Amino acid sequence: MEKQPWWHKTLMRDWENQVSVFLTGLILLQYITWLQQEDGVWLPETVVIMKLTLLAAAVIEMIPSLHWTLRRLLQLTSALSATSYILGIEPVGREISKLRDLGILIHDNFMQLTPFIWFAISVWLILLAVLKIMRTKRMIWLVLVATVTVMAIRDSYSSLHLWKQVATVILCSLFLLIIRHFTELHKQLPDTRFILASPRTILPIVLLVSSVVYVGTLAPEVKAVLTDPYTMWSGLQGRQLSLFNNGSSTTSSSGGDSVSGYSSDDSSIGGQLTLDTAPVMSVISSYPSYWRGETRSSYTGDGWTAQGQNGVLLSSVPPSVSLLQDPESIPGGLRTIEVTQTMTMASDSEQNLPVLFGAYAIDSVQSVSREGRDGNFPQLQWSSRAGELRWKERRWYPDSYTIISKVPIVDEAELRKLPAEPPIPPGLGEYLLLPETLPSRVRELALQVTRSGTNMYDKVKLIEQYLANTYPYTTNPNEGVGNSPDFVDRFLFEIKEGYCDYYSTAMAVMVRSIGLPSRWVKGFATGEAGGEGIYTVRNADAHSWVEVNFPGFGWIPFEPTSGFVLPVYTSAEEVPTEPIQEASPEPEVSSDSETAPPPIEEEKGSISRLSGWAAGIAVSAVLLSILWINRRRIPVLQHIGFNNSNGQWDINRKAALEFDRFFRYAKRRGYSRLKHQTVREALFLWGDSEKGMGKDDLESLLMIFEKTRYSGSDITNEELSAVRGKVQELRLGENERTPS
């Protein structure tokens, strides 16, 4: 027999324990990654120290042939070293003349590591405790169920995305269960050690489990059929659940998904969206438009904040007086259309909105009315910088108001005269800022998309058209496939589907990445057109889009969301003499509505999902075919008679399989074998029982069993046939008997 190298013997001697340590460490890493996402829980240095300590402790635990005292000393040293290295601590020196000085020296050096060292030591001790606990299938199942439950609840009721952590825990736990099963099998059959030692045993199992998990990731998302108990209880109490994970949502009463509506917090956007068709207001307007609310200037990687606009001086709004415009918003020479709008809030709408809405750009406020209140405007403030009419009063909101806007005519011919890289007007620096963590491939994509643009306007239009034509629209994007920490990067390269917040944020960031100022705008789409210029605006019409600043022209709106049409007039000849009603992709739904996903892009998404399903099925079919073709070569079957050395069926193992089947059958029939009993004692006891099995048959079986197990020689084919016949006779005869 070929001699195995020393390293092979060392690593394979206790490989089950080594793999178990590795998988357990991965499970604990998911907890650290989860808590790392929680705001204000741990400092970044603490996270790095804990991860390094976990890695070092797990690696040392996997080294075989180490005495436990040396192993623990090395792990403690690694925790101290990781903490000292990350914190950059220099050792403190001290002259030692007596034992007390040594204690002071140790104390002074140790105190430099606090409190970080306590987290490192805690991770090390938790690893040891979990390794000791997860030694049985029952405890592995318990840890799996508890972990998945806790993470799923936290994921559902927060802005955190823990799908990746949950999937990793499930996969690691499944492999731990498989290893535990083989370990127990080895205890029952000690002479079949190489079942576990052969990669040909583990590889098919790893491939099978991995393919099942992969196919599961391709499964289409299914909405919840039942309401969770907490949401049901909240509904019975008449309460609504606050939402965390969608920038265009307000509150949820149905649980799980975010509900469409105007949001007051855009710091974390994305997630699945449930459409709410409740009316918000009706608008009487001389021309259709998007009803603009607020703008956001600071992109954080998760969402938007108004960081640069908070310091803008606001002025009170006098009635029927033209508002002072920002010079960069509506330059004096820009032609405009005067649009009058009267907004009447829905009678059952109790929203306390932060702004008054109007077509861009608002020029003056004609009236604000509320039943039981006068028509003065002390609650209104105007931000010329953001172009917002902010409503200060939080206790009530107007029943109706009338606004006059001067909507600019977008002269594309004039805009195309601008160079590709025009000078940026002063004071717009905040609209060019991007987080340092933005992946470089976002900018590379923007440059690639705009390569053919010869002027500033065409470059922006290329980005707008690319987003609208490339990514399918859906209110239920598959966030589970996204791993990037940056929202735009995740949308462009991983999720590749979404709704307005995805498109508009991506466009604003891509425009900034090529050096042009942009801002994110939110409000409502036009709504459902009725007769005589009346539009019904619902929560489902909550929408977001983009504005880009052009030198000499100010802020120009753009619509990157697929299937949506922004009412923009590009020349005086296009200005309608009567209010325009936009055509809808479907007869019953307005094209301006968040409810109108593009049919073509949805088809692309369906084809993509079908392709994924087909690929998963193909992989599974190939794997199963390989297993079937090689079913007689897989070492896991060696305990039923396969001999790895010569490739022939081992007749003794065939007999062992027959005995194993017989003992399992006897156990089901009530013939138990106690732990202290030998096979001979058990069979004699069964044969001597009042209604026992045939004593002579059991004795003949016992002789062959002992020859098979202890003699070291092979039984004959006749003896194997006799075993099979006797076992069959006993099983058939036993159907007419009961155990004593």
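Taking the residues in the stretch 74-103 that are open to solvent by 70 Å² or more (accessible area, probe 1.4 Å) and within 26 Å of PRO44 (Cβ to Cβ) as candidates, determine which candidate is farthest from the chain's Cα centre (by Cα). Top of the filtered list is PRO91. Restricting the search to the stretch 466-523, which residues are among the aliphatic types (A, V, I, L, M), open to solvent by 10 Å² or more (accessible area, probe 1.4 Å) and farther than 21 Å from ILE424 by Cβ? Within the stretch 466-523, ALA468, VAL481, ILE495 qualify.
The number of residues in the stretch 116-132 being without any contact (Cβ under 8 Å) to a residue 40 or more places away in the chain and over 15 Å from SER78 (Cα atoms) comes to 2. In summary, helices (runs of 4 or more DSSP H) completely within the stretch 630-729 and bearing 2 or more residues that are out of contact with any helix residue (DSSP H, G or I) (no Cβ under 8 Å at 6 or more places or on another chain), more than 21 Å from PHE182 (Cα to Cα) and at pLDDT 75 or above occur at 679-688.
Checked against (1) farther than 19 Å from ALA506 by Cβ; (2) surrounded by fewer than 19 Cβ atoms within 10 Å (Cβ to Cβ); (3) touching a helix residue (DSSP H, G or I) at 6+ places or on another chain (Cβ under 7 Å), PRO439 meets all criteria but (1). Picking from GLU421, GLU464, which residue would you name as being in a helix (DSSP H, G or I) and either within 25 Å of GLY303 (Cβ to Cβ) or over 29 Å from the mean Cα position of the chain (by Cα) (or both)? From the options GLU421, GLU464, the qualifying one is GLU464. When restricted to residues that are within 31 Å of the chain's Cα centre (by Cα) and not charged (D, E, K, R), the stretch 522-564 contains 16. Condition first: farther than 22 Å from VAL19 by Cα, within 28 Å of the chain's Cα centre (by Cα) and either assigned to a loop (DSSP other than H, G, I, E, B) or in contact (Cβ under 8 Å) with a residue 12 or more places away in the chain (or both). Can you find one or more residues in the stretch 133-152 that meet it? Yes: one or more hits.
Can you report the number of residues in the stretch 115-130 which are in contact with a helix residue (DSSP H, G or I) (Cβ under 9 Å, 6 or more places away or on another chain) and either under 20 Å from TYR85 (Cβ atoms) or not aliphatic (A, V, I, L, M) (or both)? Matching residues across the stretch 115-130 total 10. Scanning the stretch 524-538 for residues that are open to solvent by 10 Å² or more (accessible area, probe 1.4 Å) and outside any strand (DSSP E or B) gives GLY530, GLY531, GLU532. Condition test on ALA508, is it in a helix (DSSP H, G or I), closer than 25 Å to GLN341 by Cβ and not charged (D, E, K, R)? For ALA508, the condition - in a helix (DSSP H, G or I), closer than 25 Å to GLN341 by Cβ and not charged (D, E, K, R) - is not met.
Out of ALA57, ALA79, one residue alone is of a type in the set (Gly, Ala, Ser) and touching a residue at least 60 places away in the same chain (Cβ under 8 Å). It is ALA57.
Filtering the stretch 424-453 to residues that are farther than 18 Å from SER297 by Cα, outside any loop (DSSP other than H, G, I, E, B) and either in contact with a Pro (Cβ under 9 Å, 6 or more places away or on another chain) or without any contact (Cβ under 8 Å) to a residue 60 or more places away in the chain (or both) leaves SER440, ARG441, GLU444, GLN448.
GLY482 meets the conditions (1) modelled with pLDDT under 90; (2) under 26 Å from VAL568 (Cβ atoms) in every case but one. The failed one is (2).
The values are calculated or read from the model by the stated rules, or taken from the named source; none is laboratory data. Since this is a predicted model, take the numbers as computed values, not measurements. With ideal geometry, Cβ positions are generated from the backbone for all residues, glycine too; neighbour counts draw on all protein chains shown. Calculation scope for accessible area: heavy atoms of the full protein, side chains included, ligands and nucleic acids excluded. Shrake-Rupley method; radii C 1.70, N 1.55, O 1.52, S 1.80 Å.
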